[in-house]
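Take a look at the structure below.
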Amino acid sequence: MQHAYQASIRAMRAADLDAVLAVQAACYPPAMQEAAAVVLARVSAAGDTCIVAEDDRGVCAYLFAYPSTLGMVTPLGAEFAPAADADTLYLHDLAVAPRAHGRGLARRLVEHLLARAQGLSASALVSVQDTAGFWTTLGYRPANSACADALASYPGEARYMVRPLTGPGVPSPSCSSLRP
């Protein structure tokens, strides 16, 4: 008899850094890997929305997210700047170690954070590495973002995608109105 795969989800901690970087290295080419200092700064800035999945062998997946505003795109390698007037949960990076593929962890991590996104009208992300199909199954749709410079920081095709969380729709994004 085969046992069901067990993995728990919890907040990411600074002590998880090496394991998170190992998952990142297994999932992304070097041009898309983000520095340890940036990862630690993200956990410090948005610890409530940076989570990991952990199985009997340790951290096997992670999701970096933070409260943002619709249309805003975080460039690759940039630190998070959570918005005081957030209307969007921005999912910046989701990765599952190859040893845990096919176990539903990516979906579980996303659902875990979306269930805690009370008061936000949308969730948004940048789809990379041909993942738009996966995100579409979770209710995300391609959307326009005026943040072309930020999208250009990602190698290959990068697509901004949005999922409404409340109400009949979401307002039109405007990157220019979000710049300081």
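Structural remarks
- In order along the stretch 150-162, phi translates into HN-Hα couplings of 5, 4, 5, 6, 8, x, x, 7, 10, 10, 6, 9, 10 Hz, rounded to whole numbers, per the Karplus curve 6.51 cos²θ - 1.76 cosθ + 1.60 with θ = phi - 60° and x for Gly and Pro.
- Sequence-ordered 3J(HN,Hα) estimates for the stretch 119-127 from the Karplus curve with 6.51, -1.76 and 1.60 and θ = phi - 60° stand at x, 9, 8, 7, 10, 9, 6, 10, 7 Hz, glycine and proline given as x.
- Spatial offset of the stretch 28-61 relative to the stretch 146-161 amounts to 21 Å, using the alpha carbon center of each.
- Sorting the segments 111-119, 55-63, 150-158 by their residues' average number of neighbouring beta-carbon atoms within 10 angstrom, most packed first, yields 55-63, 150-158, 111-119.
- Å² of accessible area per residue within the chain, as computed with a 1.4 Å probe and no ligands counted: 49 Å²
- Ordered from largest to smallest accessible area (heavy atoms of protein chains, 1.4 Å probe), the residues H101, H92 come out as H101, H92.
- Alpha carbon Rg of the chain, scaled by the compact-globule rule 2.2 N^0.38 Å: 0.99
- Long-range amide H partners of C60 with built H, under 5 Å: A53, E54, D55
- Relative contact order (percent, whole number), the chain, Cα cutoff 8 Å, 6+ residue spacing: 21 percent
- Summarising the amide proton neighbourhood of A65: residues at separation of 5 or more, or on other chains, whose placed amide H is nearer than 5 Å comprise C50, I51, H92.
- S123 long-range amide H proximity, modeled H, under 5 Å: L89, R163, L165
- Paramagnetic label reach from R116 (point 7 Å along Cα→Cβ; backbone nitrogen cut-off under 19 Å): within the stretch 2-35, residues 7-17, 20.
- Helix 36-45 axis, angle to the chain major axis (alpha carbon atoms, nearest 10°): 70 degrees
The values are calculated or read from the model by the stated rules, or taken from the named source; none is laboratory data. Quantities reported herein were computed from a predicted structural model and do not represent experimental measurements. Backbone-built Cβ (ideal geometry, glycine too); neighbour counts: all protein chains shown. Surface areas here come from the heavy atoms of the whole protein model, side chains and all, with no ligands, DNA or RNA. Shrake-Rupley method; radii C 1.70, N 1.55, O 1.52, S 1.80 Å.
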